[in-house]
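Data first, discussion second: the structure below is written as structure tokens.
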Amino acid sequence: GEDVEQSLFLSVREGDSSVINCTYTDSSSTYLYWYKQEPGAGLQLLTYIFSNMDMKQDQRLTVLLNKKDKHLSLRIADTQTGDSAIYFCAESENYGQNFVFGPGTRLSVLP
Amino acid sequence: GAGVSQTPSNKVTEKGKYVELRCDPISGHTALYWYRQSLGQGPEFLIYFQGTGAADDSGLPNDRFFAVRPEGSVSTLKIQRTERGDSAVYLCASSVGTRGMGNTEAFFGQGTRLTVV
């Protein structure tokens, strides 16, 4: 079946860049997403990338997709304490529908 | 309302009891999804409604789980004979579009934390 994997923890210093990695198995994944989950809050869509792209940049966020290796990464430039959260990688065949999520990476930003 | 609303925010129930979890989607959203997030894991898809009908219920774990959306707006997830393993956060999401349409972001509610004791 479909599977999405992520490392579970990442710690960085404030001001450094964070890179969160994800691998997936489903070749038919058309859309790949990064969601952010803060304590007591719902999942928030940060960004997504269509599978025919290999990079997408949105302000401090850069998403890289290696479709051949089924590897997705999220880079957060100038990481701030407010970026501390759990980051979920997800994939779907149709945009916004029936996501398969990874286990989440807990990002801790140290002052 | 402004966002997806889920009630209650927390529910504690005894093993074997029946529970209902409610989701109020964003007004006008025709698509509605239920996910289950167990501790330390990512959300898992349960069921997808397009309007009043369940378009995909392949994620429901067994026949103790059932969901309805009788008027195409509010949805209720129903769990019979609850078990301790049902303890999780149940998330609801809604979006504007139908299957196959592009650019329909799914917006998530804050979830209902269900604890079965």
| field | Where B:Val96 falls short, out of the listed (1) out of contact with any Cys (no Cβ under 8 Å at 6 or more places or on another chain); (2) more than 11 Å from chain A (Cβ to nearest Cβ); (3) touching a residue at least 40 places away in the same chain (Cβ under 8 Å); (4) β-branched (Val, Ile, Thr) | value | (2)
| field | Matching residues, the stretch B:1-60, being out of contact with any Phe, Trp or Tyr (no Cβ under 9 Å at 6 or more places or on another chain) and among the acidic types (Asp, Glu) | value | B:Glu14, B:Glu20, B:Asp24
| message | Can you tell me which condition B:Leu114 does not meet? The list is (1) more than 14 Å from chain A (Cβ to nearest Cβ); (2) assigned to a strand (DSSP E or B); (3) under 16 Å from B:Val4 (Cα atoms), and all the others hold. | response | (3)
| Would you pick out the residues in the stretch A:19-43 that are modelled with pLDDT of 95 or more, over 15 Å from A:Phe99 (Cα atoms) and not polar (S, T, N, Q)? | A:Val19, A:Ile20
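Are there any strands (runs of 3 or more DSSP E) wholly within the stretch B:36-82 with 3 or more residues that are touching a Gly at 6+ places or on another chain (Cβ under 9 Å) and touching a residue at least 12 places away in the same chain (Cβ under 8 Å), and if so which?
B:44-50
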| message | Can you tell me how many residues within the stretch A:65-108 are more than 14 Å from chain B (Cβ to nearest Cβ), among the hydroxyl-bearing types (Ser, Thr, Tyr) and either within 30 Å of B:Gly97 (Cβ to Cβ) or not in a strand (DSSP E or B) (or both)? | response | 4
| remark: Filtering the stretch A:6-23 down to residues that are within 14 Å of another protein chain (Cβ to nearest Cβ) and either part of a loop (DSSP other than H, G, I, E, B) or within 17 Å of A:Tyr48 (Cα to Cα) (or both) yields A:Gln6, A:Ser7, A:Leu8, A:Ile20, A:Cys22, A:Thr23
| Given (1) within 13 Å of the chain's Cα centre (by Cα); (2) closer than 24 Å to B:Glu14 by Cβ; (3) surrounded by fewer than 20 Cβ atoms within 10 Å (Cβ to Cβ), index of the condition B:Ala67 fails | (3)
| field | Residues that are at the interface with chain A (Cβ under 8 Å from one of its Cβ atoms) and modelled with pLDDT of 90 or more, drawn from the stretch B:32-50 | value | B:Tyr33, B:Tyr35, B:Gln41, B:Gly42, B:Pro43, B:Glu44, B:Phe45, B:Tyr48
| Qualifying residue in the stretch A:4-18 (condition: on the phi > 0 side of the Ramachandran plot and at pLDDT below 90) | no
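The values are calculated or read from the model by the stated rules, or taken from the named source; none is laboratory data. The model shown is predicted, which means the values in this text are computed figures rather than measured ones. Virtual Cβ from ideal backbone geometry, glycine too; neighbours counted across all protein chains shown.
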